[in-house]
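Step one of this worksheet: look at the structure below.
What follows is calculated from the coordinates using simple rules that are stated; it is not laboratory data. Note that the coordinates shown come from a computational prediction; the quantities given were computed from them, not determined experimentally. Every residue, glycine as well, gets a Cβ built from its backbone with ideal geometry; the counts of neighbours run over all protein chains shown.
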Amino acid sequence: MPEFSDQTPQTALPPDYERLVRFLVEPFLEKPDSLKIDCETRPAKARVWVRLAFADSDKGRVFGRGGRTIQSIRTVLETAAQVVGHSIHLEIYGERDEKAESSKREAPKRSSTYQPPVIKKVNQESE
């Protein structure tokens, strides 16, 4: 049975967030060279900001259906951060822009009154 360290969050070493993000995101990218990661840590507040940028063509693969994949990546990062007493925020370049664009789009206008389709009767002459 493997032995577990009894390190408390105060004595545990912080994870290498950049390597962890790269490990989690690169498998979904068709163009892994396009991945750019910026990690900013604030030791005084125990906060970490991770910013990602990658090719637009890979966004669907990274986000997954309904955002499930990116949510899983966020969960792994949050769990790793909590172990050492950090809070983490993952921001993806262009994500806010897409949310803003989708909220700006108007829903199709619908008429408020229902009008049934007009059915024309065709006179058939008997043979």
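Across segment 62-89, the number of residues qualifying as more than 28 Å from Ala44 (Cα to Cα) and exposed (fewer than 15 other Cβ atoms within 10 Å of the Cβ) comes to 5. Taking the residues in segment 11-62 that are among the small types (Gly, Ala, Ser) and assigned to a helix (DSSP H, G or I) as candidates, determine which candidate is farthest from Val76 (Cα to Cα). Result: Ser57.
Beta carbons closer than 6 Å, at least 6 apart along the sequence or on distinct chains, pair a first residue in segment 31-52 that is without any contact (Cβ under 8 Å) to a residue 12 or more places away in the chain with a second that is part of a strand (DSSP E or B) and hydrophobic (A, V, I, L, M, F, W, C) for Glu40/Trp49. Can you find, within segment 29-61, the residue that is surrounded by the fewest Cβ atoms within 10 Å (Cβ to Cβ) among those that are touching a Gly at 6+ places or on another chain (Cβ under 8 Å) and within 16 Å of Gly94 (Cβ to Cβ)? This residue is Asp56.
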